[in-house]
Amino acid sequence: MAIYPELAGKVAVLSGAGGNLGMALVRRFQAAGIKLALVDHKGDTLRQRLREAGVDDADILIGALDLTQKRAAIDEFVTQVVAQHGKVDILVNVAGGFKAGGPVHEMDEEIWDFLMNMNAKTAFLLSAAVARSMVMRRVGGRIVNVAARAALSGAPTLSGYSASKSAVLRLTESMAAELMQYGITVNAVMPSVIDTPQNRKNDPDADHSKWVTPESLADVILFLVSESARDISGAALPVYGRA
Ligand SMILES: NC(=O)c1ccc[n+]([C@@H]2O[C@H](COP(=O)([O-])OP(=O)(O)OC[C@H]3O[C@@H](n4cnc5c(N)ncnc54)[C@H](OP(=O)(O)O)[C@@H]3O)[C@@H](O)[C@H]2O)c1
């Protein structure tokens, strides 16, 4: 039996679904009986990853969207999800990423814009579209954002990344306060280093057993979208493993 039987039949939108955490969430959410609508840059790559992971994608709606732009297309995707499933109950904003920037006094403006767009604007645009639909239905909802430990303080060469993930936390807190009256909770998780093939390649000598796995992070997110977390909103949960 699923750990959270109340989640069966709920409808979730996941961004960044083709990535490491995204794929772990797809598996966890499908196992819980949640219907999925997935967004990523490239629809073909996402379909291929789903097939490789043995995920039955017959009922999965896919949006190939750049979430940093074309607000109308993002709104249209959410309209499509509602047309197919009647509602959106859950949104997880996973889309995001990292780029080292160098010290601020030497950093290109493009790197700052890239990070703010990839990490903060993606969450803003998709959250706005989904929250509008949730508010209209007035039956509550769950939004979870993926920030990072680096959101908590700046560090050399990390200004853009750290600021963009801090923006995700402020977005989370503001939306939690705005949407409380509608029974919609908005929370964030803050991973430190996720145990991904890319991170292992970049840091082969680290103790990988200390890193948080995508599956473990997905379990925390599953809890946050469950009924058990109904009274948690505006929180930023550290999910650091032992790193
Ligand atoms: N990996 C870590 O150690 C770590 C640590 C702390 C926080 N995080 C955060 O955790 C989340 C997931 O990490 P991950 O390792 O699973 O990342 P990942 O494997 O790179 O997956 C991220 C996914 O988001 C997509 N994406 C990025 N920008 C997008 C946009 N503008 N529109 C649509 N899709 C977009 C990417 O597509 P493309 O590949 O085509 O760009 C990719 O499929 C991210 O928000 C990341 O910042 C990760």
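The values are calculated or read from the model by the stated rules, or taken from the named source; none is laboratory data. Predicted model, so just to flag it, every value in this text is computed and none were measured. Reconstructed Cβ throughout: ideal geometry from the backbone, glycine too, with neighbour counts over all protein chains shown. Only protein heavy atoms, including side chains, enter the accessible area calculation; ligands, DNA and RNA are left aside. Shrake-Rupley method; radii C 1.70, N 1.55, O 1.52, S 1.80 Å.
Any idea which residue in the stretch 56-69 is farthest from GLY33 (Cα to Cα), counting only those that are surrounded by fewer than 16 Cβ atoms within 10 Å (Cβ to Cβ) and more than 19 Å from the chain's Cα centre (by Cα)? Lay out the reasoning, then the answer.
The first filter runs over the stretch 56-69 and keeps only residues surrounded by fewer than 16 Cβ atoms within 10 Å (Cβ to Cβ), leaving 56, 58-59, 69.
Restricting the remaining residues to those that are more than 19 Å from the chain's Cα centre (by Cα) gives 56, 58-59.
On the way: ASP56: 12, ALA58: 14, ASP59: 12 Å.
Top of the filtered list is ALA58.
Checked against (1) more than 20 Å from GLU215 (Cβ to Cβ); (2) of a type in the set (Val, Ile, Thr); (3) touching a Lys or Arg at 6+ places or on another chain (Cβ under 8 Å), VAL39 meets all criteria but (3).
Anything in the stretch 89-98 that is away from the ligand (no atom under 16 Å from the Cβ) and either part of a helix (DSSP H, G or I) or among the hydrophobic types (A, V, I, L, M, F, W, C) (or both)? List them, or say none.
Pass one, the stretch 89-98, residues away from the ligand (no atom under 16 Å from the Cβ): 89-90.
Matches in the stretch 89-98: ILE90 only.
Of the residues making up the stretch 83-107, those that are at pLDDT 95 or above and either of a type in the set (A, V, I, L, M) or touching a Phe, Trp or Tyr at 6+ places or on another chain (Cβ under 6 Å) (or both) are ALA83, VAL88, ILE90, LEU91, VAL92, VAL94, ALA95, PHE98, VAL104, MET107. Scan the stretch 136-182 for residues that are touching a Gly at 6+ places or on another chain (Cβ under 9 Å), basic (Lys, Arg) and either surrounded by 22 or more Cβ atoms within 10 Å (Cβ to Cβ) or within 15 Å of MET116 (Cα to Cα) (or both) and jot them down. Scanning the stretch 136-182 gives a single hit, LYS165. All of (1) open to solvent by 20 Å² or more (accessible area, probe 1.4 Å); (2) assigned to a helix (DSSP H, G or I); (3) under 26 Å from GLU173 (Cα atoms) hold for GLN84 with one exception: (3). When residues in the stretch 25-35 are screened for being crowded, with 22+ Cβ neighbours inside 10 Å and within 15 Å of the ligand (Cβ to nearest atom), 3 of them pass.
Scan the stretch 70-81 residue by residue and report those that are of a type outside the set (Gly, Ala, Ser), under 14 Å from ALA128 (Cβ atoms) and surrounded by fewer than 16 Cβ atoms within 10 Å (Cβ to Cβ). Matches in the stretch 70-81: LYS70, ARG71, GLU76, THR79.
For every residue, the table says whether it meets (1) touching a Pro at 6+ places or on another chain (Cβ under 8 Å); (2) touching a residue at least 24 places away in the same chain (Cβ under 8 Å).
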{"residue": "ALA163", "(1), (2)": "no, yes"}
{"residue": "SER166", "(1), (2)": "no, no"}
{"residue": "MET180", "(1), (2)": "no, yes"}
{"residue": "THR196", "(1), (2)": "yes, yes"}
{"residue": "SER216", "(1), (2)": "no, yes"}
{"residue": "ALA229", "(1), (2)": "no, yes"}
{"residue": "ALA243", "(1), (2)": "no, yes"}
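Looking only at the stretch 36-55, which residues are open to solvent by 10 Å² or more (accessible area, probe 1.4 Å) and assigned to a strand (DSSP E or B)? Give the steps one after another, and end with the answer.
Our first condition is that a residue be open to solvent by 10 Å² or more (accessible area, probe 1.4 Å); within the stretch 36-55, this holds for 40-45, 47-49, 51-55.
Across the stretch 36-55, the qualifying residue is only ASP40.
Could you please find all residues in the stretch 1-20 being open to solvent by 10 Å² or more (accessible area, probe 1.4 Å), modelled with pLDDT of 95 or more and either assigned to a helix (DSSP H, G or I) or hydrophobic (A, V, I, L, M, F, W, C) (or both)?
To start, the set of residues in the stretch 1-20 that are open to solvent by 10 Å² or more (accessible area, probe 1.4 Å) comprises 1-6, 8-10, 16, 18-20.
Among the residues that remain, those that are also modelled with pLDDT of 95 or more are: 4-6, 8-10, 16, 18-20.
Once the filter is applied, which keeps residues that are open to solvent by 10 Å² or more (accessible area, probe 1.4 Å), modelled with pLDDT of 95 or more and either assigned to a helix (DSSP H, G or I) or hydrophobic (A, V, I, L, M, F, W, C) (or both), the stretch 1-20 yields PRO5, GLU6, ALA8, ASN20.
Here GLY86 meets the list (1) within 21 Å of LEU222 (Cα to Cα); (2) away from the ligand (no atom under 16 Å from the Cβ) almost entirely, failing just condition (1).
Taking the criterion of being away from the ligand (no atom under 11 Å from the Cβ) and among the basic types (Lys, Arg), the residues of the stretch 185-228 that qualify are LYS201, LYS210.
ALA167 meets all of the listed conditions (1) touching a strand residue (DSSP E or B) at 6+ places or on another chain (Cβ under 7 Å); (2) within 15 Å of the ligand (Cβ to nearest atom); (3) over 18 Å from ILE194 (Cβ atoms) but one, namely (1).
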